[in-house]
Amino acid sequence: MKRPSAWKIDNYVYRECPHPDREYGYAVSLHNHSCHSVERLAALNHVVKKAFMRPVSGIVQRSFGLGGVSNLNYGEITFNPPYSPEDVYHMEATAAAKWGFDGLHLAITDHDEFAGSLVLLRGRPDLNGSVAVSEELSLWFEGHLFHLGVCQLPENEAEATHAQIQAAAKGRRYDDLFETLAASGCLVILNHPLVAWKPGAPAIPVTDLLSRYGWAIHALEVNGMRTREENDSVLELARQWKKPVVGGGDSHLLVASSILSLSRAATFKDFVAEVKDGHAVPFMTPEYFAPLKWKLTLRVLFFISRYRQIASYQGQPVAAMLERRKVLLDPVGAASRAFLGAVCALGLAR
């Protein structure tokens with residue numbers, strides 16, 4: 001496959017697609033996170049233990065104002081993406097417009113939270129029919145963390161349905177969970193189904209999950225923040241289970257989704273019906289093919305450039321803990337902002 005152009009995945013096969021607007025009427029952005037999404041820095045627990053990080057691990061900890069905390073669990077440090085639901089829509093719609101689409105269908109899938117999409121829907125009545133009340137549901141199954149994209153919850157029942165599925169997921173009442181999802185009529189997507197969260201982790205029990213609950217999972221996702229090799233394995237998994245494949249961006253920070261879905265449906269509701277009927281077409285922009293390490297590096301720098309304002313520890317803002325204090329990450333943050341400004345100006349943000 002040549003890399004510079006844009007591609008679609010049709011019937012599990014990559015096909016070049018430089019003009020998607022000539023074939024499809026609508027772009028669909030399915031996997032997004034707003035300021036209502038809580039993100040955790042648990043990955044730092046592994047990073048600071050690496051040999052090259054040990055000499056500076058104390059500096060990193062003090063830079064969060066947590067120098068006095070013994071055995072710090074970085075998973076207790078959280079942050080919220082600095083984007084309102086309106087910001088997310090504007091970012092995604094602007095990116096889709098570059099491919100000839102006038103607006104788009106959108107699902108804001110904050111982690112275990114539906115408020116972002118509901119705020120946008122109620123604040124922008126002109127988007128009625130194009131914005132779906134949605135969330136990304138965390139599900140521990142056989143010791144592995146899966147994520148379900150739950151899209152198009154009934155607006156007038158969203159709060160009650162959210163409470164039911166969250167309680168069932170946390171209580172590991174899987175039958176209740178999937179029966180509730182099926183009864184709601186929503187679209188259920190198995191997001192990035194082959195993520196191995198830790199090096200050397202046990203085999204991912206995705207086959208067990210699909211064997212038991214595949215009847216309630218409508219599609220698998222190829223993800224804009226995963227490698228080509230992993231996404232190709234997802235395609236093969238979907239082929240084996242005869243599931244359609246949708247595209248999801250999952251960008252979190254800095255730039256819009258590098259993978260969308262294409263549709264001929266005039267409303268999000270009709271798009272859901274398309275997918276449930278087995279019709280789904282992921283669309284991969286050239287930005288997707290940038291090296292994953294480059295994309296992750298840019299997001300780490302973006303986080304460092306704003307961490308004082310967006311991060312918290314056990315509910316206490318880092319900005320408050322560092323009030324009137326200078327730490328090493330301050331000049332690093334300033335340098336990060338300058339570097340990201342240059343990267344964006346050169347069109348290299350991915």
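The values are calculated or read from the model by the stated rules, or taken from the named source; none is laboratory data. None of the values given here were measured: they were computed from a predicted structure. FYI the Cβ positions are ideal-geometry reconstructions off the backbone, even for glycines, and counts take in every protein chain you see.
Descriptive notes on the structure:
- Hits in the range 302-329 - residues which are surrounded by 15 or more Cβ atoms within 10 Å (Cβ to Cβ), part of a helix (DSSP H, G or I) and free of Cβ contacts under 8 Å to residues at least 40 places away in the same chain: Ile304, Ser305, Arg308
- Residue check: Asn71 meets all listed conditions (1) polar (S, T, N, Q); (2) over 26 Å from Glu159 (Cβ atoms); (3) under 14 Å from the mean Cα position of the chain (by Cα) but one, namely (3).
- Test: Asp176 is over 26 Å from Val245 (Cβ atoms), in contact with a helix residue (DSSP H, G or I) (Cβ under 6 Å, 6 or more places away or on another chain) and not aliphatic (A, V, I, L, M): yes
- Residue in the range 27-49 that is of a type in the set (Lys, Arg) and surrounded by 13 or more Cβ atoms within 10 Å (Cβ to Cβ) present: yes
- Screening the range 135-164 for residues that are free of Cβ contacts under 8 Å to residues at least 60 places away in the same chain and polar (S, T, N, Q) and picking the one that is surrounded by the fewest Cβ atoms within 10 Å (Cβ to Cβ) gives Asn156.
- The residues of the range 250-285 that are surrounded by fewer than 21 Cβ atoms within 10 Å (Cβ to Cβ) and either in a loop (DSSP other than H, G, I, E, B) or not assigned by TED's automatic domain parsing to the domain that holds Val131 (or both), listed by number, are His252, Leu253, Leu254, Val255, Arg264, Ala265, Ala266, Thr267, Asp277, Gly278, His279.
- Tally of residues being among the acidic types (Asp, Glu), touching a Pro at 6+ places or on another chain (Cβ under 8 Å) and not in a strand (DSSP E or B) across the range 220-249: 0
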